[in-house]
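In what follows, a single structure is set out as structure tokens and then discussed.
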Amino acid sequence: MSEFNRFFKSKTLASTYKPTLAKCLLDLGDYKQDEGSQWVKKDGNNFTVDLNFVAARFLRYYWPLLFKFKLKQEATKTPIVVYRILKEYEKEIGVKSIPSKKLLCSEKFSEMRKKTIQGGIKHMVLPRLLNDCKIYTINKSSNSIVLKKEVIDYMKNNKKILEAALNHMIAEYLEKINSSPNISTKLEEKIPRTTLKKDKFAKIITLQNSCCFYCEKKGQSFAQEHFIPWNFIFDTQSFNIVAACKSCNSSKHDRLPNSKYLEKLLKRNDNLENLPYGYSHEFMKNLYESCRLGYHGIEQKLWKV
Ligand SMILES: [Zn+2]
């Protein structure tokens, strides 16, 4: 399908909108009945797709970038339209766990989808993607687009590779404006291993003299606590894992600890074996600072016991 190749070769991304829209369309080859099938009508070789189908997915894909990973979409302070819409409906949609496509296709979110269609998809994103990737025609009079069966079949048969290529485009764009690590893994939405192996963790507990890293109380059982929050670092390595008591672990949650603990962690890590190549105090301090600026927020209070 040469239209996709043309799009992947284009180097003109001004935002993540175009590849994200293409990601939404990929779903047309592979989706469940309760994920918006009422919006897809087949007529011979043509599929007419109501933009509600696209809007629900658009919101779904931006949700983790905003609420979970807190990634900026632009270098300026003004948030993009879809972020503003998500923020507006923050209460209804929730910020703790990822909303399903089914939920976003439900009646409850019809107004939110409508705003997404009118506020961005219909007039901005659809015409722009069409310039680079002519795989649909726009129905001006209604909120829908038309795709040929061949296009949908192609997307169905190549979903994985097309999705990976689109995620790569999005990650490349986001990496320019965010210092957050592992952005491409974050986009894949499959969760990497989140705990250290038992023997490695046991060494950490010994290094801490069986005391909680934060409150220093002696203990029997400890939680593996990501010093720099998991949703920012998205990786599990000894140098960022501390043994914490249950109470400190739940109180800290995904906040960044006060800098006095960073000094303590650097000292503790000096005694760790098998630190990865590239680890240094400088590296750890930079990571901490990037997290403070890009994830935690400078105006937010740093956590302490
Ligand atoms: Zn504690």
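Here the Kirkwood formula puts the hydrodynamic radius of the chain at 21.5 Å, using every distinct Cα pair.
Distance between the pseudo-spin-label points of Q300 and S251 (7 Å out from Cα toward the beta carbon): 1.8 nm.
Full extension of the chain segment joining K156 with S142 gains 2.5 nm, where the gain is 0.36 nm per residue of separation less the Cα-Cα distance. Taking the Cβ of M1 as the centre, find all other residues whose Cβ is under 15 Å away and add up their charges (Lys, Arg: +1; Asp, Glu: -1). So the environment of M1 carries a net charge of +3.
The simple Förster model, with R0 at 30 Å and r as the Cβ-Cβ distance, assigns K218 and D270 a FRET efficiency of 0.85.
Electrostatic tally near Y89: other residues with Cβ closer than 9 Å to its Cβ, Lys and Arg +1, Asp and Glu -1, net -1. In the range 179-243, the ratio of gyration radius to Kirkwood radius, Rg to Rh, stands at 1.04 when only Cα atoms are counted. Counted by Cβ distance under 15 Å from F47, the other residues give a net charge of -1, where Lys and Arg count +1 and Asp and Glu count -1. Annotation note: trypsin sites (Lys or Arg not before Pro) in the range 114-194 located in DSSP loop regions with a Cβ neighbour count of at most 14 within 10 Å are K134, K140, K190, R193. Looking at the range 11-108, the trypsin sites (Lys or Arg not before Pro) that sit in a DSSP loop and have at most 12 other Cβ atoms within 10 Å of their own Cβ are K11, K32, K77, K96. Give me log10 I(q)/I(0) at q = 0.13, 0.20, 0.24 Å⁻¹ for the range 198-296, Debye formula, one equal scatterer per alpha-carbon, no solvent. With no solvent term, the Cα-only Debye profile gives -0.41, -1.02, -1.49.
Pick from D199, D153, D270 the residue whose mean-square fluctuation is largest in a GNM of the chain, springs joining Cα atoms under 10 Å. Sorting by GNM fluctuation, first place goes to D199. Which of the residue pairs K252/K301; K32/K102; K18/K122; K91/K186; K23/K160 have a Cα-Cα distance greater than 18 Å in the structure shown? Distance filter (> 18 Å) returns K91/K186. Per residue, the average separation of C-alpha pairs within less than 8 Å and at least 6 apart gives the range 2-188 a relative contact order of 36 percent. Phi angles across the range 12-20 convert, under the Karplus curve 6.51 cos²θ - 1.76 cosθ + 1.60 with θ = phi - 60°, into 3J(HN,Hα) values of 10, 5, 9, 6, 8, 4, 4, x, 5 Hz, Gly and Pro given as x.
Any read-out appearing in this document is the output of simple, stated calculations on the displayed coordinates, not a laboratory observation. A quick note: this is a predicted structure, and the numbers were derived from the prediction, not measured. Methodologically, a virtual Cβ is constructed for each residue, glycine included, from the backbone with ideal geometry; neighbour enumeration extends over all protein chains shown.
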